[in-house]
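Student: Pasting a structure here, questions to come.
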Amino acid sequence: MSPSSAGPRELLLGDEAVALAAIHAGISGAFAYPGTPSTEILEYIQRQAVPGISACWSTNEKVAYEEALGMSYAGHRALVSMKHVGLNVAADPFMNSGITGVNGGLVLAVADDPGMHSSQNEQDSRIYARFAMLPCLEPCDQQMAYDMVRQAFDISERLGLPVMVRLVTRLAHSRAVVATKEPRPPDPRPPAEGRAWILLPVNARVGYRRLVDRQVEVRAAVAELGCSRREGAPGNGLAVIAAGIAWNYLLECHLGGEELPPSLRVSGYPLCEEGIAGILAAAEEVLVLEDGYPFIEETIQGFPPRDRPRIRGRLDGTLPRTGELTPDLVRAALERAGHEVREVEGPVAPRPPVLCSGCPHADTLEALNAAMRAVPGGRAFSDIGCYTLGALPPLEAIHTCVDMGASIGMAVGAARAGLRPSLAVIGDSTFMHSGMTPLVDAAREDTPVTIIILDNSTVGMTGGQPTAATGDELRRVVAGLGVPEEHLRTVVPLPKKREEITRVLVEEMNHPGVSVVIASRTCVQEAKRRARRGRKEATA
Ligand SMILES: Cc1ncc(C[n+]2csc(CCOP(=O)(O)OP(=O)(O)O)c2C)c(N)n1
Ligand code: SF4
């Protein structure tokens, strides 16, 4: 990678470095759905309020990706950001955008969460990039995050392909000083022309062939960025391949002055075959350090075919197969491979999350428990949001949590298997994200499910972003999807109303068709934020 030219220096989170680089790269728009650890990317762009850059929360990640793709079609640069599981939601347009190609530069910043700090899995987005045959850049630190996002826009426009930038939690959420460069203005192209964007089979076959043929250029573009850099002194037979933040951990383990073994820093995919072959040839043992899946480790098992050194990593037990990589684990792995380094301090012990005192969800879930006791034998299929904490003692009110929007579909499936009562518990934002479509099924067939929408008027779990519909607007959406007015009820989740909510729930659980109960009270944290904003505006 070329060194950054001197510019104003800023103390930035990894997420903010991505955001600022996109602004400086001349984007016209940024699109996202919140999700830890990627939320701060769009929040930063919104705070900068740069004229000419549209930066709005989208209803879900698929919509965000499609909005970015539309902006690219129109000839402008666009950034789209999401957490790793969000890419499952956006997978359809993501995969197909490799075949249509892009017009204005399109960069997807996706933040993985190894160790599942706040996620339902620890899937590795590099696999998606390989699946879609698209370039993926993986910065090792905040400076690289800034530099790489700018370069990603260049590559995207040069190759006519979207480019993924993969972050992980520790990089997204830690700060470092970043030297920035001169911003460049947007440089819009005319809107796309031709058939490439019409994925009828006759065109898609051509587009897919073009994508396959372009792989040589993709490799060359990633290699040109120096995404495979060799460092370290000739050693005692051990070599290291370290990708992304693992490179930082490797350096951190050598702060005591120990010499780095021959090491390959990987910060882009597809992997540089020459770089890998060179490091494999130089060692008797190679330790692979990467956060997430054993992606490089598995890939290099195949080459070179002869005289391959022993490969150590997550697959042979030198490192744990699951969970987040840490400097401590890297040190232990180096020691296991016979390379002694000094000890580094471990992370602070995590605190388990709990519902805030006064949270409206607690009142609804207490009432749900009472209703489930009154009409026994049922299950409450939950969704993802602050209310998922209702699975833990003392509430223990919900029975499942699989993916965003799953609660209603699962309740419908279970009801059709004869389970009664079958309930779904879903927040306002999650309902708008992906709860509406299964509700259409339930309403069309009048399936006996009771859906509780927890309308706290915000996206509580990710820090209070606006929700796509709340209050009367939300009620109208639900009615519009076909839920009969007499079984569309609204309650106010307050301690003094628990008995009333229980009664309403019991009535609807006994109804042999679809019903929706909206529990509507603002999240207490959001109420505080609004009060603070009100005071600020009053004194301004
Ligand atoms: C596909 C996907 N995108 C984003 C997230 C991050 N996330 C988890 S819950 C949630 C929304 C929560 O909002 P809401 O349903 O309104 O519940 P609240 O937290 O406000 O109670 C988000 C954005 C996720 N887990 N999965
Ligand atoms: S942030 Fe809001 S919704 Fe989440 S637990 Fe706290 S009060 Fe409840």
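Student: Could you tell me which trypsin sites (Lys or Arg not before Pro) in the range 24-85 are loop residues by DSSP with no more than 14 other beta carbons within 10 angstrom of their beta carbon?
Tutor: Counting only loop positions with at most 14 other Cβ atoms within 10 Å, none of the trypsin sites (Lys or Arg not before Pro) in the range 24-85 qualifies.
Student: Please report, in debye to the nearest 20, how large the charge dipole of the range 228-336 is about its Cα centre when each Lys and Arg carries +1 at its beta carbon and each Asp and Glu carries -1 there. Provide the component values of the computation, followed by the final result.
Tutor: Numbers: 11 positive and 17 negative charges, 36 e Å.
In total the dipole reaches around 180 debye.
Student: Could you work out the helix-only [θ] at 222 nm for the chain, with each DSSP H run of four or more residues adding -39,500 (n - 2.57) and the total divided by the number of residues, to the nearest 500 deg cm²/dmol? Please list the in-between numbers first.
Tutor: Details: 20 runs with 208 residues, N = 540.
Taking each H run of at least 4 residues, the total per residue is -11500 deg cm²/dmol.
Student: Using only Cα atoms, locate the centre of the range 473-489 and the centre of the range 32-73, then give the distance between them in Å, rounded to an integer.
Tutor: 29
Student: If you don't mind, there's one more thing I want to ask. Once you sort the root eigenvalues of the Cα gyration tensor of the range 8-100 as a ≥ b ≥ c, which label holds: rounded (a/c under 1.5), prolate (a/b larger than b/c) or oblate (the other case)? Before the final figure, lay out the partial values.
Tutor: Values: a/c = 1.95, a/b = 1.34, b/c = 1.45.
The shape class here is oblate.
Student: At 0.36 nm per residue, and after removing the present C-alpha to C-alpha distance, how many nm does the segment from Ala49 to Glu298 gain when stretched out fully?
Tutor: Numbers: separation 249, 0.36 × 249 = 89.64 nm, distance 4.35 nm.
Gain on extension, Ala49 to Glu298, equals 85.3 nm.
Student: In addition: Out of all DSSP beta bridges with both ends in the chain, state the antiparallel percent to the nearest 5.
Tutor: So the antiparallel bridges amount to about 20 percent of the total.
Student: From the Cα gyration tensor of the range 101-220, with a ≥ b ≥ c the square roots of its eigenvalues, which class applies: rounded if a/c is under 1.5, or else prolate if a/b is larger than b/c, or else oblate? Don't jump to the answer; show the numbers that get you there.
Tutor: Values: a/c = 2.42, a/b = 1.42, b/c = 1.70.
Cα axes put the range 101-220 in the oblate bin.
Student: Name the lysines eligible as straight-distance cross-link partners of Lys536: C-alpha to C-alpha under 16 Å, and not fewer than 8 places from it in the same chain.
Tutor: Answer for Lys536, where 16 Å is the Cα cut-off: Lys528, listed by chain and number.
Student: Which lysines have a Cα less than 18 Å from the Cα of Lys83, not counting those fewer than 8 places away in the same chain?
Tutor: Lys62
Student: Can you list the residues, at least 5 places off or on another chain, whose amide H is less than 5 Å from the amide H of Val491, using H built in the peptide plane?
Tutor: Distant-sequence amide H within range of Val491: Ile518, Ala519, Ser520.
Student: Also, I was wondering about something else. Whole-Å semi-axes of the range 392-434's equivalent ellipsoid, largest first, each the root of 5 times a Cα gyration tensor eigenvalue? Write down the numbers at each step before the final one.
Tutor: Values: eigenvalues 60, 53, 12 Å².
That gives 17, 16, 8 Å for the three semi-axes.
Student: Show the residues, 5+ positions off or on another chain, whose built amide H is closer than 5 Å to the amide H of Gly105.
Tutor: Those qualifying (amide H under 5 Å, at least 5 residues apart or on another chain) are Arg77, Ala78.
Student: Is the range 228-336 rounded, prolate or oblate when judged by the Cα gyration tensor, a ≥ b ≥ c being the square roots of its eigenvalues, rounded requiring a/c under 1.5 and prolate requiring a/b larger than b/c?
Tutor: Values: a/c = 1.40, a/b = 1.15, b/c = 1.21.
Note, shape of the range 228-336 comes out rounded.
Student: Let me ask something else. Please compute the length gained on full extension between Arg532 and Ser118, using 0.36 nm multiplied by the number of residues separating them and subtracting their Cα-Cα distance.
Tutor: On the way: separation 414, 0.36 × 414 = 149.04 nm, distance 2.71 nm.
Full-extension gain reported as 146.3 nm.
Student: Taking the Cα centroid of the range 86-147 and of the range 375-396, what is the distance between the two, rounded to the nearest whole Å?
Tutor: If we compute the Cα centre of each part, the gap is 32 Å.
Student: Most exposed first by the Cβ proxy, i.e. fewest other Cβ within 10 Å, how do Ile518, Ile41 rank?
Tutor: Least crowded to most crowded, the residues run Ile518, Ile41.
Student: Only bridges with both residues in the range 228-336 count here: give the DSSP antiparallel percent, nearest 5.
Tutor: Values: 4 of 16 bridges.
Of those bridges, close to 25 percent are antiparallel.
Student: Sorting Met144, Met95, Met461 on the 10 Å Cβ count, fewest up front, what's the list? Mind dumping the intermediate values first?
Tutor: Working: Met144 27, Met95 14, Met461 23.
Sorted ascending by nearby Cβ count, the order is Met95, Met461, Met144.
Student: If neighbour count is taken as other Cβ atoms inside 10 Å, put Tyr249, Tyr208 in order from fewest to most.
Tutor: Details: Tyr249 24, Tyr208 16.
Exposure proxy ranking, most exposed first: Tyr208, Tyr249.
Student: Which one of Ile241, Ser81, Pro309 is farthest out on the positive end of the charge dipole of the chain, using unit charges on Cβ (Lys, Arg +1; Asp, Glu -1) and the Cα centre as origin?
Tutor: Farthest towards the positive end: Ser81.
Student: Also, quick follow-up: Summarise the long-distance tail of P(r) for the range 9-224 by giving the % of C-alpha pairs beyond 27 Å.
Tutor: Details: 5330 of 23220 pairs.
Tail fraction, whole percent: 23.
Student: A further question follows. Under 14 Å between alpha carbons, and skipping anything fewer than 8 positions from Lys496 in its own chain: which aspartates and glutamates qualify?
Tutor: Of all the aspartates and glutamates, those that pass the test against Lys496 - Cα under 14 Å, at least 8 places apart if same chain - are Asp363, Glu366.
Student: Then there's this: Can you give the Rg to Rh ratio of the chain, both from alpha-carbon atoms, with Rh computed by the Kirkwood formula?
Tutor: My calculation puts Rg/Rh at 1.01.
Student: Also, I was wondering about something else. Given +1 on the Cβ of Lys and Arg, -1 on the Cβ of Asp and Glu, and no further charges, what dipole in debye does the range 1-155 carry about its Cα centre, rounded to the nearest 20?
Tutor: On the way: 8 positive and 17 negative charges, 69 e Å.
Roughly 340 debye for the range 1-155.
Student: Nothing charged except the Cβ atoms of Lys and Arg (+1) and of Asp and Glu (-1): what's the magnitude of the dipole of the chain about its Cα centre? Round to the nearest 20 debye.
Tutor: 800
Student: I would also like to ask the following. Putting +1 on Lys and Arg Cβ atoms and -1 on Asp and Glu Cβ atoms, find which of Pro294, Thr522, Gly256 reaches farthest to the positive end of the dipole of the chain.
Tutor: Thr522
Student: Using the beta-carbon distance between Glu340 and Arg308 and R0 = 25 Å, what value does 1/(1 + (r/R0)^6) give for FRET efficiency, to the nearest 0.05? Intermediate values should be presented prior to the final figure.
Tutor: Working: r = 25 Å, r/R0 = 1.02.
Computed FRET efficiency for Glu340 and Arg308: 0.50.
Student: To continue, here is another question. Output needed for the range 393-493: three equivalent-ellipsoid semi-axes, defined as square roots of 5 times the C-alpha gyration tensor eigenvalues, in descending order, whole Å. If you can, show how the numbers build up before the last one.
Tutor: Working: eigenvalues 84, 62, 31 Å².
Over the Cα atoms of the range 393-493, the semi-axes work out to 21, 18, 12 Å.
Student: Rounded to the nearest 5, what % of DSSP beta bridges with both residues in the range 371-526 are antiparallel?
Tutor: Working: 1 of 21 bridges.
Roughly 5 percent of the beta bridges in the range 371-526 run antiparallel, per DSSP.
Student: Under the rule of at least 5 residues apart or a separate chain, name every residue whose amide H is placed under 5 Å from the amide H of Gly323.
Tutor: Placed amide hydrogens put Gly115 under 5 Å from Gly323.
Here, each number is a calculation from the coordinates, and none is a lab measurement. All values derive from a computational prediction rather than experimental measurement. FYI the Cβ positions are ideal-geometry reconstructions off the backbone, even for glycines, and counts take in every protein chain you see.
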